[in-house]
1. How many residues are closer than 29 Å to Asp102 by Cα and surrounded by 18 or more Cβ atoms within 10 Å (Cβ to Cβ) if we restrict to the range 1-20?
2. Looking at (1) under 27 Å from Val7 (Cα atoms); (2) modelled with pLDDT under 95; (3) in contact with a helix residue (DSSP H, G or I) (Cβ under 6 Å, 6 or more places away or on another chain), which is the one condition that is false for Glu139?
3. Do we have any residue at all in the range 38-48 that's of a type in the set (A, V, I, L, M, F, W, C), in contact (Cβ under 8 Å) with a residue 40 or more places away in the chain, surrounded by fewer than 18 Cβ atoms within 10 Å (Cβ to Cβ) and out of contact with any Gly (no Cβ under 9 Å at 6 or more places or on another chain)?
4. May I ask you to list the residues in the range 166-181 that are within 27 Å of Lys119 (Cβ to Cβ) and at pLDDT below 85?
Amino acid sequence: MLTLLQVKNKSVPKLEGLLAPVRAAAERLIERCYTRDIPIVITQGLRTIAEQDKLYAQGRTSAGSIVTNARGGYSYHNFGVAIDFALLSQDGKQVYWDTKRDGNANKVADWAEVVDEAKRLGFAWGGDWTSFKDYPHFEMTFGLSTAQLRAGIRPTAAQIAAAMAHITKEDLYIMKAEDANDLIKRYLQPAWAACKQKGDAAGMQEAHRLANELRKASGQKEQ
């Protein structure tokens, strides 16, 4: 069986360019599934517009089966907030998209176990869509549409920090203090300052609460 490091290394190229919480959640997903004896690999992450257009052409103007209904700029993959995954064999030599496979022999489909872990980390699953179900797909959209993302709108610092706090809270390890403080400095302090400037007391309180969640998760005292 592959070590956890070997399993994680297979996904490294597809994690590049993902939004920080999405990458963190993807890394934790790999780790959590490994503890369930379910090795997985991230097969898709950030895609360029050109790559998306090429994928859209598959089954339409080029050979192959249709795998997406999204043109370039209309997929969450184009903005680094979505991933696709597949199951790995224990030796890492085979990849499976079999949603009924039970490789760890616990009488529960491995795919369902991966989906369960992903949802706990804050991902939405493409298998829940009412049309064109995308079973390997997870996304973390922060309430933004692809139209908003195309227009340049991005998750707020507070949203990113909240997602990181949730991932850390759900995680099995204690976050390092320096990592927590870095998130507070980069995201929550600017969010708090912006809310103060607007006179948004509720926003200031929420930023403060999230900062304390990160402090607690990393073994620090609240402030």
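1. The first filter runs over the range 1-20 and keeps only residues closer than 29 Å to Asp102 by Cα, leaving 1-15.
Restricting the remaining residues to those that are surrounded by 18 or more Cβ atoms within 10 Å (Cβ to Cβ) gives 7-8, 10-11, 14-15.
Within the range 1-20, residues that are closer than 29 Å to Asp102 by Cα and surrounded by 18 or more Cβ atoms within 10 Å (Cβ to Cβ) number 6.
2. Failing condition for Glu139: (2).
3. Within the range 38-48, none of the residues are of a type in the set (A, V, I, L, M, F, W, C), in contact (Cβ under 8 Å) with a residue 40 or more places away in the chain, surrounded by fewer than 18 Cβ atoms within 10 Å (Cβ to Cβ) and out of contact with any Gly (no Cβ under 9 Å at 6 or more places or on another chain).
4. If the condition is that a residue be within 27 Å of Lys119 (Cβ to Cβ) and at pLDDT below 85, then Thr168, Lys169, Glu170, Asp171, Leu172, Tyr173, Ile174, Met175, Lys176, Asp179, Ala180 are the ones that fit.
Yes/no matrix, rows are residues, columns are (1) of a type in the set (A, V, I, L, M); (2) in a strand (DSSP E or B); (3) farther than 25 Å from Trp129 by Cβ; (4) in contact with a His (Cβ under 7 Å, 6 or more places away or on another chain):
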position: Leu2; (1), (2), (3), (4): yes, no, yes, no
position: Lys14; (1), (2), (3), (4): no, no, no, no
position: Leu18; (1), (2), (3), (4): yes, no, no, no
position: Ala24; (1), (2), (3), (4): yes, no, no, no
position: Ala70; (1), (2), (3), (4): yes, no, no, no
position: Asp84; (1), (2), (3), (4): no, yes, no, yes
position: Lys93; (1), (2), (3), (4): no, no, yes, no
position: Ala105; (1), (2), (3), (4): yes, no, yes, no
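The values are calculated or read from the model by the stated rules, or taken from the named source; none is laboratory data. The structure displayed is predicted, hence computed values, not measured ones. Please note: Cβ atoms are built from the backbone with ideal geometry, for glycine as well, and neighbour counts cover all protein chains shown.
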